[in-house]
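Everything on this sheet refers to the single structure shown next.
The values are calculated or read from the model by the stated rules, or taken from the named source; none is laboratory data. For clarity, every value in this text was computed on a predicted model and none was experimentally measured. Here the Cβ positions follow ideal geometry from the backbone for every residue, glycine too, while neighbour counts run over all protein chains shown.
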Amino acid sequence: MRKVILLLLILVIGSSCIPNKELVYFQGEPVSKESIKQIQNKPYRLQVNDMLYIDIKSADSELVQLFKNVEQQNTNTSTISQEAIYFRSYSIDRHGNIRIPYIGELNVLGYTTSEVREKIEKEFENYFKNPEDVFVTVKLAGIRLTFLGEVKRPGTVIVYQNQVNIIEAIASAGDIAVTGNRKNVTVIRKGIDGTKKYHINLLDVNSFESDMFYVESNDIIYIEPLKQKSWGTGTSGMQTITSLIAVLSLVTTTILLINAF
């Protein structure tokens, strides 16, 4: 009987521990032995509810002020914080438009930020004598990402960068928990043609070449749990042993109490 119990304990400990190979990112060798292929990141196409930060500079400062919203006019640009950019930005409405003072509604749905900049510069030809002297900056007012599942800090974060890869994104959520499945990371992405679900294996070094290596604004990233979590015996050998000792102690105490009566 003791041998059976010992064997069961060994099996439980062995099967409930999370092996190192399930935790190490980018394992193996790249398909190309010389170098990993450079990632061809497609320019992001703007979606409904995206926030655009638009800054206009020109020698004619008074005229430039006319094209700024109230928040931009009242903000000291030398001391603006990253979070304050949100309140100075233009929200893309459900029709794909933004509203710029004097210019009015401008459709930007499906455009890149560079294309939007060109559209605005074209509009300024009607207002500035020397439109080539007007400097326009257009960028996303942060990349909004939502994390669900086995990350250390689930929820929504805004990353203030022009471009974010999935490793940087996951780091902003505190990394994947030990019980998270790095082999099957799900990315839910809404595009012009609808919402789609993708998968990426972060245990494989060739994930660098995945189309999902770069995240986009409004992506939802879901990390499913490893099966070891549902067993509840611990994420490491020591935790498993501790849990089993606690269970055995409880069982032994119960048996002794029953025998005492």
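The rows are residues; the columns are (1) under 26 Å from residue 56 (Cβ atoms); (2) touching a residue at least 60 places away in the same chain (Cβ under 8 Å).
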position: 140; (1), (2): yes, yes
position: 159; (1), (2): yes, no
position: 162; (1), (2): yes, no
position: 188; (1), (2): no, no
position: 193; (1), (2): no, no
position: 199; (1), (2): no, no
position: 204; (1), (2): no, yes
position: 212; (1), (2): no, no
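Check every one of the helices (runs of 4 or more DSSP H) wholly within segment 32-147 and list those with 3 or more residues that are surrounded by 13 or more Cβ atoms within 10 Å (Cβ to Cβ), at pLDDT 90 or above and not basic (Lys, Arg). Write out each step before concluding.
Numbers: elements: 61-66, 70-73, 84-87, 113-124.
Qualifying helices (runs of 4 or more DSSP H): 113-124.
When you check residue 189 against the structure, is it touching a Lys or Arg at 6+ places or on another chain (Cβ under 7 Å) and either of a type in the set (Lys, Arg) or assigned to a helix (DSSP H, G or I) (or both), yes or no? First the steps, then the outcome.
Numbers: touching a Lys or Arg at 6+ places or on another chain (Cβ under 7 Å): yes; either of a type in the set (Lys, Arg) or assigned to a helix (DSSP H, G or I) (or both): yes.
Spelling it out, residue 189 is indeed touching a Lys or Arg at 6+ places or on another chain (Cβ under 7 Å) and either of a type in the set (Lys, Arg) or assigned to a helix (DSSP H, G or I) (or both).
Does residue 202 count as at pLDDT 95 or above, in a loop (DSSP other than H, G, I, E, B) and surrounded by 16 or more Cβ atoms within 10 Å (Cβ to Cβ)? Before the answer, list the steps.
Numbers: at pLDDT 95 or above: yes; in a loop (DSSP other than H, G, I, E, B): yes; surrounded by 16 or more Cβ atoms within 10 Å (Cβ to Cβ): yes.
For residue 202, the condition - at pLDDT 95 or above, in a loop (DSSP other than H, G, I, E, B) and surrounded by 16 or more Cβ atoms within 10 Å (Cβ to Cβ) - is met.
The rows are residues; the columns are (1) within 23 Å of residue 50 (Cβ to Cβ); (2) part of a strand (DSSP E or B); (3) within 11 Å of the chain's Cα centre (by Cα).
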site	(1), (2), (3)
157	yes, yes, yes
161	yes, no, no
168	yes, no, yes
178	no, no, no
183	no, yes, no
198	yes, yes, no
208	no, no, no
211	yes, no, no
221	yes, yes, yes
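Specify which of the listed residues (187, 164, 215) is surrounded by 12 or more Cβ atoms within 10 Å (Cβ to Cβ), touching a helix residue (DSSP H, G or I) at 6+ places or on another chain (Cβ under 6 Å) and either at pLDDT below 75 or closer than 30 Å to residue 95 by Cα (or both). Outline the logic, then answer.
Numbers: 187 fails: touching a helix residue (DSSP H, G or I) at 6+ places or on another chain (Cβ under 6 Å); 164 fails: touching a helix residue (DSSP H, G or I) at 6+ places or on another chain (Cβ under 6 Å).
When all the criteria are applied, what remains is 215.
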